[in-house]
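J.: Mind looking over this structure? Questions follow.
The values are calculated or read from the model by the stated rules, or taken from the named source; none is laboratory data. Since the model is a prediction, treat every value here as computed from it, not as a measurement. Every residue, glycine among them, receives a Cβ derived from its backbone with ideal geometry; neighbour counts consider all protein chains shown. These accessible areas exclude ligands, DNA and RNA; they are computed on the full protein's heavy atoms, side chains included. Shrake-Rupley method; radii C 1.70, N 1.55, O 1.52, S 1.80 Å.
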Amino acid sequence: MAEHPRPSARAVIGLVTDAFRELPYPVRDSAPDGPLGWHGYDASRARAAERTGEDESVVCGTAEVEGTRAVLIAFEFGFLGGSLGERTGDRLEAAYTYAREHRLPVVPLIATGGSRMQEGMLALTQLQRVARQSVLTREAGLPQIAVLRDPTTGGGWATLGAGADVVLALPGAQVGFAGSRVRPADADPAAYTAQAQVAAGAADAVVPPGELRATLGRWLRLLTAPSARPAPPPLPLGATDLPATGWDAVLRARAPHRPRAERYLDAYFGERVAIGGDRCGGTDDGMLCGFGTHEGRTVAYAAQTGTATRPAGYRTAVRLIRLADRLGIPVLTLVDTPGAANDAEAERQGAGAAIAELFGAVAAARTPVTTLVIGEGGSGGALALAAPGNTWATPDSYFSVIAPELAAAILKRPPAEVEATADQLLIRPQDLERLGVARVRTGEQLSPGTGDRRS
C-alpha cells in the first residue's frame, strides 16, 4: 500500500472542534534509552518530537463538540507510528480518570501501529491499563465513541477502538489487529479496511471527514441524555379497526403494504443514528438498532423488519439494550418477525444462544423497555424482544406461540383447519389484551408516565 501523508493529531482535533484545551500530563522519569536501554531510542524520540511538535504519541484534552463537552484522545502517528509506551499509558489513564471525575464522554481519535517495540513487554502491558480504564468508564455510565483513522491496528484497535461503545471510521482507514508489515503475504488487503470492519459488524459506520464533526456531535448529544421515563409506544400507522378472526389478524400482519419498521422509526424520531453489527463478525439487515430523539428525549430502538431474525440481529439488539441500560436511556422495541431464522447456518451461528442473550438482556434491563408489535409476532424469536408488562400491539398485528400453519402440522391437522387453529390460538390484539400479554395500541395519545408495569 502506497505511503501518503496522514493528518496530524491536532489537525484531526481541528476537524471536530474549534475549542480544545489540553490536559496536564503526568511526569515520568525515564532511564537513558527507555526502560529496556534500547540503543538509539532517545534519539528516535527526539527526531519524532522535532518532526511532529509533540513529545509523545497522544494528545489529550477537553473540547466542545457541537455543544457537548468531551475528553478527546488524539493519536499522533508521526510520533513513532502512534505507538503505545509507558508515557502513552500514563496520559491515557490520566485522560480517562479526568473524564470520570468530570462525568464526560471519551472520544479516542485513533491512528496507531500498536505497542512500542523499544519498550518491550512494558509497552504491551499498557493495553491492560487501557482496558481497565475503559471498563471503569463504562461502569461509570459514560459513553466511549471511537474514531478510526489510518491506520488503526494492533492493541490500539483491540482496546480503544473495538472496545468502544460506538465505532466510527474515516474512509480508507486501515483497520485490523494485524498491521501491514506483519500480515500473511497472501492476505487480502481489502479485509483490513474500515469498510470491511463495518461489513463484518465490528464498526458502525464510515464517516467522511467533512461530516465527522456533525456526526460525532449528534452521537455525543444522544448518548449523554439519560431519562427515567419509559418511551411511549408509537401510534399505529396502519389499520385502526380490530381483526374479526385470528386468520384475519395473520393476513393483515403478512400484507405486503402493511407499515414496516422504517416507517414507524421515521414517524417516531426527529433524528436518529444507527449502530450496526454484533461485534462477533455478523450483521443482520432484519434488525435495525440505534438511538434517536422523541419529543426532546433520547430513546434507543431495536426493530425487526418483518424477516426471520438471524443470530447477528439478536446479538446486535443485545448490544443496543445493554448500552442503553448502562447510559440510562429508555428503549423502544418493535416486534415484527415470522420467527427466528432456523436454517443450518443460523444454528451454526448460535441462534439459541443469541436468543437466550436477548431474553436475558431485556429481563436484566434497569432502564424502561417499551414494545410495540407492528406485524408478525412469531414465537420465541419475537418474544425475546418484547418487554414483560409493557408490550403493546397494533390492530394489524398478531402474536402467537407458533405460526398457525406450523401449529396445525404439529397437531396433525389438514391444511383446511389452519384458519380454525388460528382462532383457537387466540392471537388477535384484543385476545392478547384479554390474556394480559399485551395491550391494544389505538390512535389515541397516551397520558404522560404510561409505561413499564413490571414489578
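J.: Regarding Arg297, is this residue over 28 Å from Ala169 (Cβ atoms), out of contact with any Gly (no Cβ under 6 Å at 6 or more places or on another chain) and without any contact (Cβ under 8 Å) to a residue 40 or more places away in the chain?
T.: Details: over 28 Å from Ala169 (Cβ atoms): yes; out of contact with any Gly (no Cβ under 6 Å at 6 or more places or on another chain): yes; without any contact (Cβ under 8 Å) to a residue 40 or more places away in the chain: no.
No, not satisfied.
J.: Just wondering, is there one or more residues in the range 388-396 that are modelled with pLDDT of 95 or more, in a helix (DSSP H, G or I) and either among the small types (Gly, Ala, Ser) or more than 24 Å from the chain's Cα centre (by Cα) (or both)?
T.: No, the range 388-396 has no match at all.
J.: Still on this structure, I have one more. Considering the range 325-369 alone, what residues qualify as being surrounded by fewer than 18 Cβ atoms within 10 Å (Cβ to Cβ) and of a type in the set (A, V, I, L, M)?
T.: Ala344, Ala353, Ala356, Ala363, Ala364
J.: Could you tell me whether Ala111 is farther than 27 Å from Arg218 by Cα and of a type in the set (A, V, I, L, M)?
T.: On the way: farther than 27 Å from Arg218 by Cα: no; of a type in the set (A, V, I, L, M): yes.
Spelling it out, it is not the case that Ala111 is farther than 27 Å from Arg218 by Cα and of a type in the set (A, V, I, L, M).
For every residue, the table says whether it meets (1) free of Cβ contacts under 8 Å to residues at least 60 places away in the same chain; (2) not β-branched (Val, Ile, Thr).
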residue: Arg6; (1), (2): no, yes
residue: Ala19; (1), (2): yes, yes
residue: Glu22; (1), (2): yes, yes
residue: Ala31; (1), (2): yes, yes
residue: Val65; (1), (2): no, no
residue: Thr68; (1), (2): no, no
residue: Gly78; (1), (2): no, yes
residue: Glu86; (1), (2): yes, yes
residue: Val106; (1), (2): yes, no
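J.: Conditions first: (1) in a loop (DSSP other than H, G, I, E, B); (2) under 27 Å from Pro209 (Cβ atoms); (3) out of contact with any Asp or Glu (no Cβ under 6 Å at 6 or more places or on another chain). Arg21 passes all but one, so which condition is the exception?
T.: (1)
J.: For the range 108-154, give me each residue that is free of Cβ contacts under 8 Å to residues at least 60 places away in the same chain and in a strand (DSSP E or B).
T.: Pro108, Ile110, Thr112, Ser115, Gln144, Ala146, Leu148, Thr152, Thr153
J.: Something else: Test Leu406 against the stated conditions and say whether it is farther than 30 Å from Leu142 by Cβ, among the hydrophobic types (A, V, I, L, M, F, W, C), open to solvent by 10 Å² or more (accessible area, probe 1.4 Å) and modelled with pLDDT of 95 or more. Spell out how you get there, then give the answer.
T.: Numbers: farther than 30 Å from Leu142 by Cβ: yes; among the hydrophobic types (A, V, I, L, M, F, W, C): yes; open to solvent by 10 Å² or more (accessible area, probe 1.4 Å): yes; modelled with pLDDT of 95 or more: no.
In short, no.
J.: On the given criteria, is Gly201 open to solvent by less than 50 Å² (accessible area, probe 1.4 Å), over 20 Å from the mean Cα position of the chain (by Cα) and either within 23 Å of Phe399 (Cα to Cα) or touching a residue at least 24 places away in the same chain (Cβ under 8 Å) (or both)?
T.: Numbers: open to solvent by less than 50 Å² (accessible area, probe 1.4 Å): yes; over 20 Å from the mean Cα position of the chain (by Cα): no; either within 23 Å of Phe399 (Cα to Cα) or touching a residue at least 24 places away in the same chain (Cβ under 8 Å) (or both): yes.
Taking the combined requirement at face value, the residue does not satisfy it.
J.: Can you give me the number of residues within the range 371-399 that are surrounded by fewer than 24 Cβ atoms within 10 Å (Cβ to Cβ) and of a type outside the set (A, V, I, L, M)?
T.: The total comes to 6.
Residues checked against (1) among the small types (Gly, Ala, Ser); (2) under 17 Å from the mean Cα position of the chain (by Cα); (3) at positive phi:
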| site | (1), (2), (3) |
| --- | --- |
| Gly281 | yes, yes, yes |
| Tyr301 | no, yes, no |
| Leu332 | no, yes, no |
| Val335 | no, no, no |
| Ala361 | yes, yes, no |
| Thr371 | no, no, no |
| Gly375 | yes, no, no |
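J.: Another question, if that's okay. Residues that are among the aliphatic types (A, V, I, L, M), open to solvent by less than 50 Å² (accessible area, probe 1.4 Å) and under 22 Å from Arg322 (Cβ atoms): does the range 150-160 have at least one?
T.: Within the range 150-160, the first condition is being among the aliphatic types (A, V, I, L, M), and the residues that meet it are 158, 160.
Among the residues that remain, those that are also open to solvent by less than 50 Å² (accessible area, probe 1.4 Å) are: 160.
Keeping just the survivors that are under 22 Å from Arg322 (Cβ atoms) gives 160.
Scanning the range 150-160, I find at least one residue that is among the aliphatic types (A, V, I, L, M), open to solvent by less than 50 Å² (accessible area, probe 1.4 Å) and under 22 Å from Arg322 (Cβ atoms), so the answer is yes.
J.: Against the definition (under 23 Å from the mean Cα position of the chain (by Cα) and among the acidic types (Asp, Glu)), how does Glu357 come out, yes or no?
T.: Numbers: under 23 Å from the mean Cα position of the chain (by Cα): yes; among the acidic types (Asp, Glu): yes.
Judged against the criteria, Glu357 is a match.
J.: Of all residues in the range 252-290, which are free of Cβ contacts under 8 Å to residues at least 24 places away in the same chain and farther than 19 Å from Ala308 by Cβ? Even if it seems obvious, please write down each step before you answer.
T.: Filtering the range 252-290 for residues free of Cβ contacts under 8 Å to residues at least 24 places away in the same chain gives 256-257, 266, 285.
Answer for the range 252-290, where residues must be free of Cβ contacts under 8 Å to residues at least 24 places away in the same chain and farther than 19 Å from Ala308 by Cβ: His257, Asp266.
J.: Can Asp186 be described as in a loop (DSSP other than H, G, I, E, B), more than 24 Å from Glu93 (Cβ to Cβ) and either over 17 Å from the mean Cα position of the chain (by Cα) or of a type in the set (Gly, Ala, Ser) (or both)?
T.: Details: in a loop (DSSP other than H, G, I, E, B): yes; more than 24 Å from Glu93 (Cβ to Cβ): yes; either over 17 Å from the mean Cα position of the chain (by Cα) or of a type in the set (Gly, Ala, Ser) (or both): yes.
It is true that Asp186 is in a loop (DSSP other than H, G, I, E, B), more than 24 Å from Glu93 (Cβ to Cβ) and either over 17 Å from the mean Cα position of the chain (by Cα) or of a type in the set (Gly, Ala, Ser) (or both).
J.: A follow-up question, please. Read through the list (1) small (Gly, Ala, Ser); (2) modelled with pLDDT of 95 or more; (3) under 25 Å from Gln174 (Cβ atoms), then give the number of the only condition that Ala99 fails.
T.: (3)
J.: Okay, next question. Step by step: first the residues of the range 162-183, then only those that are assigned to a strand (DSSP E or B) and touching a residue at least 60 places away in the same chain (Cβ under 8 Å), then the one that is farthest from Gly290 (Cα to Cα). Which residue is that?
T.: Start the filter on the range 162-183 by keeping residues that are assigned to a strand (DSSP E or B), which leaves 166-169, 174-176.
After this cut, where a residue has to be touching a residue at least 60 places away in the same chain (Cβ under 8 Å) as well, the list is 166, 174.
Working: Val166: 10, Gln174: 25 Å.
Step by step, filter the range 162-183, then rank; the result is Gln174.
J.: Something else: Identify the residue in the range 6-43 that is closer than 18 Å to Ile73 by Cα and among the polar types (S, T, N, Q) and, among all such residues, is least open to solvent (accessible area, probe 1.4 Å).
T.: Thr17
J.: Kindly indicate whether Asp266 is out of contact with any strand residue (DSSP E or B) (no Cβ under 8 Å at 6 or more places or on another chain), open to solvent by 20 Å² or more (accessible area, probe 1.4 Å) and closer than 18 Å to Ala202 by Cα.
T.: On the way: out of contact with any strand residue (DSSP E or B) (no Cβ under 8 Å at 6 or more places or on another chain): yes; open to solvent by 20 Å² or more (accessible area, probe 1.4 Å): yes; closer than 18 Å to Ala202 by Cα: no.
For Asp266, the condition - out of contact with any strand residue (DSSP E or B) (no Cβ under 8 Å at 6 or more places or on another chain), open to solvent by 20 Å² or more (accessible area, probe 1.4 Å) and closer than 18 Å to Ala202 by Cα - is not met.
J.: Take the conditions within 21 Å of the chain's Cα centre (by Cα), closer than 23 Å to Arg263 by Cβ and open to solvent by 10 Å² or more (accessible area, probe 1.4 Å) and apply them to Arg310. Does it pass? Full working, then the answer.
T.: On the way: within 21 Å of the chain's Cα centre (by Cα): yes; closer than 23 Å to Arg263 by Cβ: yes; open to solvent by 10 Å² or more (accessible area, probe 1.4 Å): yes.
Yes.
J.: Residues that are surrounded by 16 or more Cβ atoms within 10 Å (Cβ to Cβ) and part of a loop (DSSP other than H, G, I, E, B): does the range 67-75 have at least one?
T.: No: zero hits.
J.: Out of everything in the range 78-103 that is open to solvent by less than 10 Å² (accessible area, probe 1.4 Å) and among the hydrophobic types (A, V, I, L, M, F, W, C), what residue ends up being nearest to Gly154 (Cα to Cα)?
T.: Step by step, filter the range 78-103, then rank; the result is Leu84.
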